[in-house]
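Single-structure report; data block below.
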Amino acid sequence: MSEVMIDAADGGRFSAYVAKPTVTPAGGLVVIQEIFGVNPVMREQCDWYAAQGFLVVCPDLFWRQQPGVQLTDKTQEEWNQAFALLNGMDQDKAIEDLRAALAWVRGQDGCTGKAGTVGYCLGGRLAFMMATRSDAEANVGYYGVGLEGLLGEADKIAKPLMLHIAENDKFSSPDKRDAVVAGVKDNEWVTAKVYPGMDHAFARPGGEHYDRDAADEANRLTVEFFRTHLG
């Protein structure tokens with residue numbers, strides 16, 4: 001496990017955490033952070049994906065504001081800082097950085113040349129955007145925020161996309177959830193799974209709403225999805 005520096009499209013460089021599988025070549029995976037930065041939770045998730053057989057990179061998307069952010073979900077002060085960083089983020093620039101990370105992982109000797117993205121919370125939103133704005137072979141979003149506002153781009157999705165949706169997401173509403181499900185149901189590339197009774201971040205180990213059964217199910221489906229499309 002290591003860190004690398006990746007060149008941004010508009011100049012500058014950003015750090016990214018890298019986790020490598022024991023067997024290569026492997027499919028590449030860009031893990032997209034939550035609003036807490038590339039913190040220990042994200043790094044452990046990267047290590048887990050590497051153990052499943054993927055070459056993983058997790059870029060720092062807050063670098064333009066504050067490089068190296070590593071917050072937790074345990075204090076209100078950290079939540080406030082995380083939301084300030086979210087509000088200060090240029091999401092179009094974040095997509096540029098994710099495309100740069102995608103190109104970086106594809107270019108590694110240990111990669112098959114195929115790569116996808118998987119994101120959580122903010123990252124779940126950005127994974128949806130990568131499905132509409134990049135050539136990633138496959139994308140997965142966990143409880144992406146504000147997806148209902150991106151449905152105008154849904155017709156651009158032409159590669160497999162899987163969405164894990166929390167039925168009772170505190171950062172959404174039943175109407176917004178239903179709008180997302182309805183908005184993608186006719187796209188053959190999109191699989192949207194709603195997890196009954198689950199709240200936001202049900203797959204974050206140690207989080208307030210973590211649910212082992214739902215997390216295990218979502219993670220199993222995600223790994224099978226990537227093995228199919230990145231194999």
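The values are calculated or read from the model by the stated rules, or taken from the named source; none is laboratory data. Since this is a predicted model, take the numbers as computed values, not measurements. Note that we place each Cβ from the backbone using ideal geometry, even for glycine, and neighbour counts take in every protein chain shown. The area values use the complete protein model at the heavy-atom level, side chains included, leaving out ligands, DNA and RNA. Shrake-Rupley method; radii C 1.70, N 1.55, O 1.52, S 1.80 Å.
Explain nothing, just the number: dipole magnitude of the range 1-147 about its Cα centre with +1 on each Lys and Arg Cβ and -1 on each Asp and Glu Cβ, in debye rounded to the nearest 20.
240
Dipole of the range 110-231 computed with +1 at Lys/Arg Cβ and -1 at Asp/Glu Cβ about the Cα centre; of ALA166, PHE202, THR112, farthest Cα towards the positive end is THR112.
So, in the range 3-230, how many Lys pairs have Cα atoms under 25 Å apart, if the pair is 8 or more places apart or on different chains? Going through the range 3-230 pair by pair, I get 20.
With N as its number of residues, the chain has a Cα radius of gyration that, divided by 2.2 N^0.38 Å, comes to 0.93.
The slack between LYS93 and ARG227, meaning 0.36 nm per residue of separation minus the straight C-alpha distance, is 45.3 nm.
Accessible surface for THR72 stands near 60 Å², nearest 10, in the context of the full protein assembly shown (1.4 Å probe). The amide H of CYS111, built 1.01 Å from its N in the peptide plane, has ALA26 as neighbours under 5 Å, considering only residues 5 or more places off or on other chains. With each label modelled as a point 7 angstrom along the Cα→C-beta vector, the GLU3-GLU153 pair spans 2.8 nm.
Below 8 Å, C-alpha to C-alpha, sequence gap of six or more: please give me the relative contact order for the chain in percent. Could you put the intermediate results ahead of the total?
Details: 495 pairs, mean separation 37.9, N = 231.
Dividing the mean separation by the residue count of the chain yields 16 percent.
The residues TRP104, TRP189, sorted by heavy-atom accessible surface at 1.4 Å with ligands and nucleic acids left out, run TRP189, TRP104 from largest to smallest. For the range 179-231 and the range 36-86, what is the centre-to-centre distance using only Cα atoms, to the nearest Å? Here the two parts' Cα centres lie 19 Å apart.
Farthest towards the positive end of the charge dipole of the chain, among the residues GLN76, SER2, ILE157, is the Cα of SER2, using unit charges on the Cβ of Lys, Arg, Asp and Glu.
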